[in-house]
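First up is the structure itself, then whatever we jot down about it.
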Amino acid sequence: MSTGETFQAMDDWLGRLPGRPQPLYVRLLSATAVMAGCIALQAAVALLSALPGMFLLLAGIFICSFAFDRVAGIYAAVIATAAALVAVSRLYPEAPKAGTLVAFFCVGFALAVFADALRSALERARKVERDKDILFRELAHRMQNNLAVAVALLEQQSRSHASADTRAALANAGDRLRILAEGQRHLQPLGPGLVEMRGYLAQICDHLSGSLAAGRAIEFVFRLDAVAVDADKALALALITNELVTNALKYAFVGRNKGIITVALSQGAGGEVTLAVSDDGVGSPAGAAEGFGSQLIRDLTAHHGGSVAYLGAPPGCRVQVTMPAGRGRS
């Protein structure tokens, strides 16, 4: 279980407990009911097994203190001590009782204090985790806004240049920054720093289709599993997808207005993530020069300890990227 899942389970569990503070009469009546049940269960166990014991009374003290507070727990300890006095008097009428009962009450008192302190500590940890999650979301929101401003500035700068190559370079830089900004939107609340990839990659392809495939009947086929990875790896996979889909839209369907691009993402049993982008276009020519996009794909994949495979998929091309579980190099 991940850290995020552990805290989510703890939050759900604490959320089912009675809220604090409760009115005194509610705490005392509830503690009385709990201890009555524990005494009845203890008597039944003693009757069926013929073994004396007070362990269920101690469990009742813990429950009362943890569910309400130490006042209810100490009250439960008094009830448990009274029940222990009755049991000891019946089983050992001649034995001295004062020392035993004082020791039992002290154990119950300490257990009540411990249970109350344990719940208080868990609730503090719960509050800290919630505050951290709020701060994390605020930081992600601010980063997304700042990146959106940077994208707008690059687009404005691109329109002001007369050179087509410069405009294209600035547009590509803007697209890569936009991918980083969109990544913040897909951060998972159940795990700080995790990004859900299915919606993220589909959004990237939708943007590219609108900007590069306008007026053409290019169909996207998505085979995306529900995969969540850390933010660094998510950004790498998103940038790689952007480069591969951009290349396919620009070069795979030269001389034709329709085609199919398939984007697949899966996660193996060992945690490794596999991204595959394929098309039914003209294919990759032999000996083609490696551009900046191809080098970026190799660098990002190598950074995360993965591998890139260019596979023949007549009549088109298929590129497969595999990244192992865990984080890449820092």
Would you tally the residues in segment 250-273 being in contact with a strand residue (DSSP E or B) (Cβ under 8 Å, 6 or more places away or on another chain) and surrounded by fewer than 19 Cβ atoms within 10 Å (Cβ to Cβ)? 9
Can you pull out every residue in segment 150-175 that is of a type in the set (Val, Ile, Thr), more than 20 Å from Thr241 (Cβ to Cβ) and crowded, with 16+ Cβ neighbours inside 10 Å? none
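Table: residues versus (1) of a type in the set (A, V, I, L, M); (2) modelled with pLDDT of 90 or more.
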residue	(1), (2)
Ala252	yes, no
Arg256	no, no
Gln267	no, yes
Leu275	yes, yes
Asp280	no, no
Ala288	yes, no
His303	no, yes
Cys317	no, no
Segment 29-71, residues that are in contact with an Asp or Glu (Cβ under 9 Å, 6 or more places away or on another chain) and in a helix (DSSP H, G or I): Ser65, Phe66, Arg70, Val71
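Within the group Gly37, Gly15, which residue is of a type in the set (Gly, Ala, Ser) and within 19 Å of Leu118 (Cβ to Cβ)?
Values: Gly37 fails: within 19 Å of Leu118 (Cβ to Cβ).
When all the criteria are applied, what remains is Gly15.
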In the list Arg178, Arg198, which residue meets the criterion of being among the basic types (Lys, Arg), surrounded by 16 or more Cβ atoms within 10 Å (Cβ to Cβ) and at pLDDT 70 or above? Arg178
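The values are calculated or read from the model by the stated rules, or taken from the named source; none is laboratory data. Everything numeric here is computed off the predicted structure, so don't read it as measured data. Backbone-built Cβ (ideal geometry, glycine too); neighbour counts: all protein chains shown.
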